[in-house]
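K.L.:
This structure is in structure tokens; I'll ask about it shortly.
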Amino acid sequence: MSFGSPYPDDDFLTGGVMARRCTGWLIDGAMIVALFLILWGVLLLLGLLTLGLGFGALGILPFLPFFYNFISLMTASSATPGQRIVGLTVRRDDDLGPPTGFQALIFVLVFYLTIATSGLLLAVALFTRRHRTLHDLASGLTVVRTGALQALTAAGQGWTMRDGMSAP
């Protein structure tokens, strides 16, 4: 702790994030399945109405989860709907600003690459500081509790996540 900051360590922002991330991921999974089924029905109807010409549009369905996550990270809340429900947001690791488009792209690509390789690589979060996963580390992002971030902002405190100390 330095400069009289009331927030002595990273645990203020990242405490309890792992369980919330898992819950948010389940909520997002359910939402993606619902969107997938709705879009599938609409595209199937389009294919039938165009006498088969519209069936090619069904090829966009595998990209739905990717776009769901990427577009969600680019919103003002910097979180997927599931993350918002459980009180999480995705922020840059160095200054807690919202992610850039490139960082969000890397975050989502590495996440789905990790999932494609059985998802066991997500266990990295059990051993890293702030419980960051490979896609967090590769993109330079971190997942923090929204309430703690709002309290930090309301208190007018700076925060540098790199060293876990308050900025001057």
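K.L.:
Which of Phe127, Cys22, Leu45 sits farthest toward the positive end of the charge dipole of the chain, with +1 on the Cβ of Lys and Arg and -1 on the Cβ of Asp and Glu?
P.N.:
Positive-end residue among those listed: Leu45.
K.L.:
What's the magnitude of the charge dipole for segment 11-154 around its Cα centre, counting Lys and Arg as +1 and Asp and Glu as -1 at the beta-carbon? Answer in Debye, nearest 20.
P.N.:
In debye, rounded to 20, segment 11-154 gives about 200.
K.L.:
Here is a follow-up. Using Cα-Cα distances under 8 Å and only pairs 6 or more residues apart, what relative contact order does the chain have, in percent?
P.N.:
29 percent
K.L.:
In Å and whole numbers, how far do the C-alpha atoms of segment 11-154 stretch along each principal axis, longest first?
P.N.:
Projected onto the principal axes, the Cα atoms of segment 11-154 cover 57, 34, 26 Å.
K.L.:
Per-residue HN-Hα couplings for segment 91-108, Karplus 6.51 cos²θ - 1.76 cosθ + 1.60 at θ = phi - 60°, whole Hz, x for Gly and Pro?
P.N.:
So the Karplus estimates, Gly and Pro as x, are 9, 5, 6, 7, 9, 6, x, x, x, 7, x, 5, 4, 5, 4, 4, 4, 6 Hz.
K.L.:
If you stretched the chain out fully between Leu58 and Ile85, how much longer would it get, using 0.36 nm times the residue separation minus the C-alpha to C-alpha distance?
P.N.:
6.7 nm
None of the figures in this text is laboratory data; all of them are computed from the coordinates on show. Keep in mind that this is a model prediction, so the values were computed, not measured. Glycine also receives a Cβ, built like all others from the backbone with ideal geometry; neighbour counts cover every protein chain displayed.
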